[in-house]
Amino acid sequence: TALVLLVLGPLGVAASGDPHETAAGGAATPATVALAAVCGTHLLLPGRYLLTADVGPCPGDGIVIDGPAINLDLGGHTVTGGATGLGGGLVLAPTAVGSRVANGMVERFGTGVEDHASASVVTGIRAFSNLGIGIFVDGARGVRVSGSWANENGRFGYYLQAADRTLLAHDQAEFNGIYGLWLQGSSHNVVRASGFTDNATATPDGGGIYLGCSNHGVDPSATCAGTGSDGNRVAGNTASENRGFGIAIDLGNRGNRVVANTARVNRGTDLVDANPGCGTNHWVHNSFGSRSQPCIQ
């Protein structure tokens, strides 16, 4: 019996199609299901979905992925929030393990992409003009974020909270209110080959890339939660022309490696480590104009 896919939204909207068509020779192969989503649509069953039209304006969440192994291609379309800037544009629940969102835009929500799902992928997403955060990875392990843009968000471009072994690669963050990227209570993550420029538009205490949190360190106004951000690798990125610092590790965060980055022409200090003697953090082969202490190389 063929598995018929139901995509349930607040109005009982369903997408037609069978996610497992039979190919020549009788083998079942995944098919792409055309998805006519509305605000608050939930995706429940594994499969490949292609969004067929823009969604919104949405007063709350845009599209919520609840099921595992769901591949949602936005098809270049935009998911738009409402005037209040609430909810998440694309929400991956903790149960959406191994799911993927790609190829589109999310704007004017509280958070553009809200990812709680381990082993998930966010790629080719432009998250802009959201009230709080562009792309948020929360409590998940092994997430990959690549080829995405987080621009003009009210607080952070990218925010990793209690995230472990996330890879951010070939991403961009520009003109965000506080940080281009913040790793808080997040360890063993990799940030590479990405650009963080013109951030901290709302406060000079912000900057390009911020690791950790301390009310007695780099940004005393930050709200700290969770443990330290330890054992992360930040390599081959550009963090320049921010209105605060370029790259900063706050007090009490250990074992981080900052390698071969470029940080120049920031209004604050280009490279900052609040730990005496850089603690157990390693800064090597970086290009910069200013630094907070000689252990930064």
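A few comments on the model shown:
- Spherically averaged projected area of region 180-297 from its Cα convex hull (nm²): 5.8 nm²
- Choice from GLY217, GLY132, GLY124 with maximal GNM fluctuation in the chain (Cα, 10 Å cutoff): GLY217
- Mean Cα-pair separation over length for the chain, i.e. relative contact order, pairs under 8 Å, 6 or more apart, %: 8 percent
- Highest-MSF residue in the chain out of PRO276, PRO59, PRO46 [GNM, Cα springs under 10 Å]: PRO276
- Reference-scaled alpha-carbon Rg (2.2 N^0.38 Å with N residues) for region 43-92: 1.15
- Cα convex hull of region 139-202, projected area averaged across orientations, nm²: 3.7 nm²
- Calculated SAXS-style log₁₀ I(q)/I(0) at q = 0.23 Å⁻¹ - region 209-276, Debye, Cα scatterers: -1.01
- Pairs of Cα atoms farther than 17 Å apart, region 27-111, %: 42 percent
- Semi-axes of the equivalent ellipsoid for the chain, Cα gyration tensor, largest first, Å: 38, 19, 15
- Exposure proxy order (Cβ contacts within 10 Å, fewest to most) of TRP182, TRP283, TRP149: TRP149, TRP283, TRP182
Laboratory data are not the source of any read-out in this text; all were calculated from the coordinates shown. Remember, predicted model here, so these are calculated numbers, not experimental data. Cβ atoms come from the backbone with ideal geometry, glycine included; neighbour counts cover every protein chain shown.
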